[in-house]
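Here is the structure we will look at, set down as structure tokens.
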Amino acid sequence: MADQDLYPVPAEWAARARVDAAGYDKLYGRSLADPGTFWLEQARRLDWIKRPEIAGDWSFEAHDFHIRWFSDGKLNVSANCLDRHLAKRGDQIALIWEPDDPRAEPRRFTYRELHAEVCRFANVLKAQGVAKGDRVTIYLPMIPEAAFALLACARIGAIHSVVFGGFSPEALAGRIEDCGSKIVVTCDEGRRGGKKVPLKANVDASAAHAPGLATVVVVRSTGGDVTMQPGRDVWYHEAAEGLPATCPPEPMGAEDPLFILYTSGSTGKPKGVLHSSGGYLLWASLTHELAFDYRAGNVWWCAADVGWVTGHTYILYGPLANGATTLMYEGLPNWPDASRIWQVCDRHQVHTVYTAPTALRALMKDGDDFVKATSRASLKLLGTVGEPINPEAWRWYHDVVGEGRCPVIDTWWQTETGGAMIAPMPGATDLKPGSATKPMPGVDLQLVDAEGQVLTGAAEGNLAITRSWPGQMRTVWGDHERFFQTYFSTYPGKYFTGDGCRRDADGYYWITGRVDDVINVSGHRMGTAEVESALVLHPKVAEAAVVGMPHDIKGQGIYAYVTLNAGETASDELRAELVKWVRTEIGPIAAPDKLQFAPGLPKTRSGKIMRRILRKIAEGDVSSLGDTSTLADPAVVDDLVANRVEAG
Ligand code: WT7
């Protein structure tokens, strides 16, 4: 490893660190050597109604295993995020909301005000018949009411299921039905990059496929026209009228579910990842403090959308549990121009900003002037998440944005893990561009080869985790068997992440990307099977195969191979129509970047599509297609190569 590739802990960070290098080794060592004591000690960072005496209680072995943490503990997540701060920092800003339009006014809520808003929202949900354990689907853009709604669910013990505002009515309906939620919280319209997103109209359209939907609570945000269906739809502001701004927090078992969040896998429909109350909140709070050395008074900005797990854990639950000032931004990082993200940092004196490599690559492309036009003097720490960060983008972030003074915290984790799993601690970990560095306390990693052989020392393999951690998902909603099959059947007794990974001689981890049929588009997970099923729903499509391909900005793009029904003719119009079709079926993030018409797909004699070959062709790496002799019809490969789509 060349010296210039190592960024030692800056002296001032080492001096004031909560955890220094020796401290990290001790903390990590203790977490694995005596997990029972370690985790009960850590649990003290939360405010319990009944403090737990049992730490982890889990096994990864049998099909019917359950993962439980702090199972005799009782707490309320919203009380941990709000009530317990009132005495000490009731007048501190809890939430800063920065609007899409830079000319519009930001909004600020103190802990006391946020508490009142959440209580009122909770009372509205109750008045609409929502009770403990009920599922509430939240389809909201990045407005303060999104924070109120999530925390209101937590307050009354309802399970929220947030659906990203970029998902289509069909995708929304599937998620409403899968978890059996009878209520959706939405708003008239979303606003992003100066454009309106018709969220309420999308809910109306989804209702045809979601027969169980009985109530729609509509927040007025843009003031745009919507149709209200009598008996089903209620305006939030009308429903809230006269309701009190206090609401007692429901005592919840640590293992009671907090939320469901749907995520794509390599097969089938999106899975409802279920997270717990106690273990999840502990993980959110602990990792936010350790990886970002969070201190009282720092303004914290996680620039993700609340529709993804990053928004759940690091806009809301982690920072609020830690009493932070958290910033929520309605818009896009590069609208009206590429200075915007840094202007927001200046405007609100942001200490730490946390964003995705895809955003950094897009901003980098627009040139350094947009960065240099801003001060960024408040910035002390830079975070990244969602996909492997290429060293070039890492260095740009560090050198240009951070002017060399801000450590870059690259955090590897997943919807399933609840919070960061591999990440540096700024006072403890020397940095290497492109590596998420070392595991968090309690995270016991293993590299395994395709046969399940454990690799030691410097090695490259598949990343598995050998023991549970408090923030781990507990099950797939309604399908525990699928939970087992997806995560624990590849390597019995271990959680398989789906990622490839290299460990270097210093014990640093380098994630190389998904090794399953999942594509990471701009840090968002997309299942190839999902895009394929959407394509074959089109009346002209006989068969489809979808793979990832390298993409300069998005990290990975979507490359689709489509075989048409007999008698149909390929054309540019049909190609555009199919891309639009997928946008409508799933959402813009699923739209193929390239679509190639293929008279046949490369299949083995047993009919299995050989994706390895399709990936190579999509990458443009046609000289090394490997052994094609096992194909039922090797000639199809020549046609695929000859008709490869070069440009979008
Ligand atoms: C997949 C999980 C974590 C919240 C956002 C995405 C990839 C995530 C990193 C990183 C390399 C990363 C992995 C992982 N990923 N962070 N820092 N370095 N890869 O959550 O949608 O559940 O996706 O994102 O491939 O498996 P997700």
Inset, instruction - Please give the number of the condition LEU381 fails out of (1) within 11 Å of the ligand (Cβ to nearest atom); (2) open to solvent by less than 20 Å² (accessible area, probe 1.4 Å). - result: (1)
Legend entry - Candidate set from segment 227-271 (those that are farther than 15 Å from ALA158 by Cβ and within 16 Å of the chain's Cα centre (by Cα)); member that is nearest to the ligand (Cβ to nearest atom): THR263
Inset, instruction - Report, by residue number, each residue of segment 422-458 that is open to solvent by 10 Å² or more (accessible area, probe 1.4 Å) and on the phi > 0 side of the Ramachandran plot. - result: GLY434, GLY452, GLY457
Inset, instruction - Would you mind telling me which numbered condition in (1) open to solvent by 20 Å² or more (accessible area, probe 1.4 Å); (2) of a type in the set (Phe, Trp, Tyr); (3) in contact with a Ser or Thr (Cβ under 6 Å, 6 or more places away or on another chain) TYR508 fails? - result: (1)
Legend entry - Which numbered condition GLN343 fails, given (1) within 16 Å of the ligand (Cβ to nearest atom); (2) surrounded by fewer than 24 Cβ atoms within 10 Å (Cβ to Cβ); (3) assigned to a helix (DSSP H, G or I): (1)
Inset, instruction - Just need a number here: residues in segment 584-608 that are open to solvent by 20 Å² or more (accessible area, probe 1.4 Å), in contact with a Leu (Cβ under 7 Å, 6 or more places away or on another chain) and either modelled with pLDDT of 90 or more or of a type in the set (Phe, Trp, Tyr) (or both). - result: 3
Inset, instruction - Using the structure shown, decide if LEU332 is of a type in the set (A, V, I, L, M), in contact with a strand residue (DSSP E or B) (Cβ under 9 Å, 6 or more places away or on another chain), in a loop (DSSP other than H, G, I, E, B) and open to solvent by 10 Å² or more (accessible area, probe 1.4 Å). - result: yes
Inset, instruction - Among the residues of segment 328-351, count how many are under 18 Å from ASP399 (Cβ atoms) and in contact (Cβ under 8 Å) with a residue 40 or more places away in the chain. - result: 2
Legend entry - Tally, over segment 609-628, of residues that are buried (at least 22 other Cβ atoms within 10 Å of the Cβ) and either in contact with a Phe, Trp or Tyr (Cβ under 9 Å, 6 or more places away or on another chain) or without any contact (Cβ under 8 Å) to a residue 12 or more places away in the chain (or both): 3
Inset, instruction - Residue by residue through segment 629-648, note down the ones that are open to solvent by 30 Å² or more (accessible area, probe 1.4 Å) and either part of a helix (DSSP H, G or I) or charged (D, E, K, R) (or both). - result: ASP633, ALA635, ASP638, ASP639, VAL641, ALA642, ARG644, GLU646
Inset, instruction - Considering each of TYR28, TYR7 in turn, give the residue that is of a type outside the set (Lys, Arg), in contact with a strand residue (DSSP E or B) (Cβ under 6 Å, 6 or more places away or on another chain) and either surrounded by 15 or more Cβ atoms within 10 Å (Cβ to Cβ) or at positive phi (or both). - result: TYR7
Legend entry - Residues that are among the charged types (D, E, K, R) and in a loop (DSSP other than H, G, I, E, B), drawn from segment 48-67: ARG51, GLU53, GLU61, ASP64
Legend entry - In segment 353-367, the residues that are away from the ligand (no atom under 16 Å from the Cβ) and either open to solvent by less than 50 Å² (accessible area, probe 1.4 Å) or within 25 Å of TYR294 (Cα to Cα) (or both): ALA362, LEU363, MET364, GLY367
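The values are calculated or read from the model by the stated rules, or taken from the named source; none is laboratory data. What you see is a predicted model; the values in this text were computed from it and never measured. Note that we place each Cβ from the backbone using ideal geometry, even for glycine, and neighbour counts take in every protein chain shown. Each accessible area value is taken on the protein alone, full model and side chains, heavy atoms only, with ligands, DNA and RNA left out. Shrake-Rupley method; radii C 1.70, N 1.55, O 1.52, S 1.80 Å.
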